Amino acid sequence: MTSPVHWLLYGLVFLLPACSTTHQNVRRDVQVQRAATEVAENHLLDVWIALFSPGELPEDKDDSKGLSPEIRKAEARYMPVQLRETMEKTGYWGAVRVVPQNTEGAEVLVQGKILASDGEKLELQITAVDATGQQWFERTYEEEAALADYRQAEGTGREVFQPLYNAIANDLAEYRNGLSAERIVTIRRVASLRFADDLAPDAFKGYLQENASGEYAVARLPAREDPMVRRINAIRERDFMLVDTLNGHFDNFHGDMQEPYFQWRKSRLAELEAMRAIQRDARNRKLLGAAAIIGAIAIEALGGDSTRASTSSLRNVMLVGGAYAVKTGFDKASEATIHRDAIEELGESFASESQPMVVDVEGETHKLTGSAEAQYAEWRTLLRKIYASETGLDADDNNDAAQ
C-alpha cells in the first residue's frame, strides 16, 4: 500500500514542471505541429486567450523611440488573435476564443504579457492554466527578426514573428497531449461548474471544493436532468455567442491592423538599421580624425627641426583632414537624430491608424479597449438577471451573492 509520504512526493514531482518558469529563444524555422489524427470530441478542450497585458515601454530613450502606449494597446489585441489563428490550425483544441481579461469559465486560459516589441524583437511572457487552477506552465518566448525577414514576408500576409506563435502553440499542445482522458473530463466538468457558480452561487454551492492554493476539485455533480443545469447550459451558450461576436470584432481589428502594422515594424527596423550604420560611420570618422590630429601633434612635438620642416605639408594635411573627419562624424551623428525623429513619426502615424474600434453588440455600444473587461462584466451581470428571471430568483440577491 502506498504511504501518504509517497503520495506527497508524487504530487511534488507532478507540480514541479507546471510551476517552472523558462526562457526560450525561438528559432526562425519553428513550424507549428498538427495532430496526426482527428482528436475525439470528448477529448477536446476549449481555450480562451485573454487580451494581453501591454507591459511597459523601454526606459532607454533610444530603445523607446517610435514606440507608444497606444501601439502597445493595439498589439495587446492583435497578438491574441494571431495566437488563436495558430492554435486553430493544430487540430488539438475545441473552440479557441479571444476574451477580455478576468473572464470566468475557460477550460484552458492562456494569458500573455508583452515584454518587448519593437519590430526587431518580440518577447512575450505566456501563462497557461486550466479550469482546476493547475498551472500548465509560465514561459518567456523571444524571437528576433531582420529586415530581410520582412522583405521575404512582404505581400504574403505571413506574420514575421510566426515562429514564436508556433512555439507557443506547440508547447500548449505538448502539455495537453500529456493529459489523461480522465483529467480532460475533470477539467471540462470544473469549467462548467465554475461558470454555474459564478452565475448562481447559491444554487450551485457545494459542488466545487477550492483549496488554499486556488485549485478546484469536483465535490459532487448535479443530477443530469436537473432543470437548473439545463438553464445554466442554455445561458452558457448565450455567453459563447457574445464571446463569438466579440471575436468577430477582434478579427476585423486584426485584419485592419495587419498591413499598417507590418509596414510600421518594417519601416522602424529599416530606420533603426540606418541609424546604427550612421552611428558606426560617425564613430569611425571621429576616431580616424582624432588619430590624424594626434599624429600631427606628435610629429610636431617629438620631431627635430629637420623633421618638422620636411613634414610640414603632411602635418597640415593631417590636421585639416582630421578636423574634417571629426566634423563629418558629428554631422553623421546629427543625421542619426533625424532618423530617430522619423521613427517617432512612424509610431505616431501608426497609433493614429490603430485606434480601438467602437462596435454595437445587441443594441449596446462596446469600445474594444481596456474597457472591454468592464463591458463583459456588465454582460455577465445581465446573464445573472436572465437566470434570475427564468428561475424566479431575486436578481439583486443573486448579484449580491455573486460579489
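Name, by its number, the condition in (1) under 20 Å from Q135 (Cβ atoms); (2) in contact with a helix residue (DSSP H, G or I) (Cβ under 6 Å, 6 or more places away or on another chain) that does not hold for K65.
Condition not satisfied by K65: (1).
If a residue has to be modelled with pLDDT of 90 or more and surrounded by fewer than 22 Cβ atoms within 10 Å (Cβ to Cβ) to count, how many in the range 193-207 make the cut?
The number of residues fulfilling the criteria is 1.
Say whether the condition of being modelled with pLDDT of 90 or more, of a type in the set (G, A, S), in a helix (DSSP H, G or I) and within 30 Å of L122 (Cβ to Cβ) is met by at least one residue in the range 170-181.
Yes, some residue in the range 170-181 is modelled with pLDDT of 90 or more, of a type in the set (G, A, S), in a helix (DSSP H, G or I) and within 30 Å of L122 (Cβ to Cβ).
Every residue in the range 197-207 that is in a loop (DSSP other than H, G, I, E, B) and touching a helix residue (DSSP H, G or I) at 6+ places or on another chain (Cβ under 8 Å), please.
Scanning the range 197-207 gives A200, P201, D202, A203, F204, K205, Y207.
Would you mind stating whether A76 is surrounded by fewer than 19 Cβ atoms within 10 Å (Cβ to Cβ), within 19 Å of E144 (Cα to Cα) and small (G, A, S)?
Values: surrounded by fewer than 19 Cβ atoms within 10 Å (Cβ to Cβ): no; within 19 Å of E144 (Cα to Cα): yes; small (G, A, S): yes.
Criteria not met by A76.
Taking into account only those residues within the range 42-56 that are of a type in the set (A, V, I, L, M, F, W, C) and in a loop (DSSP other than H, G, I, E, B), which is nearest to R188 (Cα to Cα)?
Among residues in the range 42-56 that are of a type in the set (A, V, I, L, M, F, W, C) and in a loop (DSSP other than H, G, I, E, B), the one nearest to R188 (Cα to Cα) is L45.
What are the residues in the range 40-53 that are surrounded by fewer than 20 Cβ atoms within 10 Å (Cβ to Cβ) and either over 17 Å from G94 (Cβ atoms) or in contact with a Phe, Trp or Tyr (Cβ under 8 Å, 6 or more places away or on another chain) (or both), if any?
Going through the range 40-53, the residues surrounded by fewer than 20 Cβ atoms within 10 Å (Cβ to Cβ) turn out to be 40-44, 46, 53.
L44, D46, S53 - these are the residues of the range 40-53 that are surrounded by fewer than 20 Cβ atoms within 10 Å (Cβ to Cβ) and either over 17 Å from G94 (Cβ atoms) or in contact with a Phe, Trp or Tyr (Cβ under 8 Å, 6 or more places away or on another chain) (or both).
Could you count how many residues in the range 111-132 are touching a Gly at 6+ places or on another chain (Cβ under 7 Å) and on the phi > 0 side of the Ramachandran plot?
0
Which members of the range 208-222 meet the condition of being of a type in the set (D, E) and either assigned to a loop (DSSP other than H, G, I, E, B) or crowded, with 19+ Cβ neighbours inside 10 Å (or both)?
E215
Please go through the range 57-72 and pick out each residue that is assigned to a loop (DSSP other than H, G, I, E, B), of a type outside the set (A, V, I, L, M, F, W, C) and in contact (Cβ under 8 Å) with a residue 12 or more places away in the chain.
Within the range 57-72, P58, D62, D63, K65, G66, S68 qualify.
Quick check on my filter: what residues within the range 43-85 are polar (S, T, N, Q) and at pLDDT 90 or above? So that I can check it myself, show each step before the final result.
First pass over the range 43-85, keeping only residues polar (S, T, N, Q): 53, 64, 68, 82.
Within the range 43-85, S53, Q82 qualify.
Taking the range 143-188, which residues are within 24 Å of the chain's Cα centre (by Cα), hydroxyl-bearing (S, T, Y) and closer than 30 Å to N42 by Cα?
Of everything in the range 143-188, those that are within 24 Å of the chain's Cα centre (by Cα), hydroxyl-bearing (S, T, Y) and closer than 30 Å to N42 by Cα turn out to be Y165, Y175.
So that you can scan it fast, the table gives a plain yes or no per residue for (1) without any contact (Cβ under 8 Å) to a residue 24 or more places away in the chain; (2) touching a helix residue (DSSP H, G or I) at 6+ places or on another chain (Cβ under 9 Å); (3) assigned to a helix (DSSP H, G or I):
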residue: F195; (1), (2), (3): no, yes, yes
residue: R224; (1), (2), (3): yes, no, no
residue: G248; (1), (2), (3): yes, no, yes
residue: Q258; (1), (2), (3): no, yes, yes
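The values are calculated or read from the model by the stated rules, or taken from the named source; none is laboratory data. These numbers come from a predicted model, not from an experiment. Every residue, glycine as well, gets a Cβ built from its backbone with ideal geometry; the counts of neighbours run over all protein chains shown.
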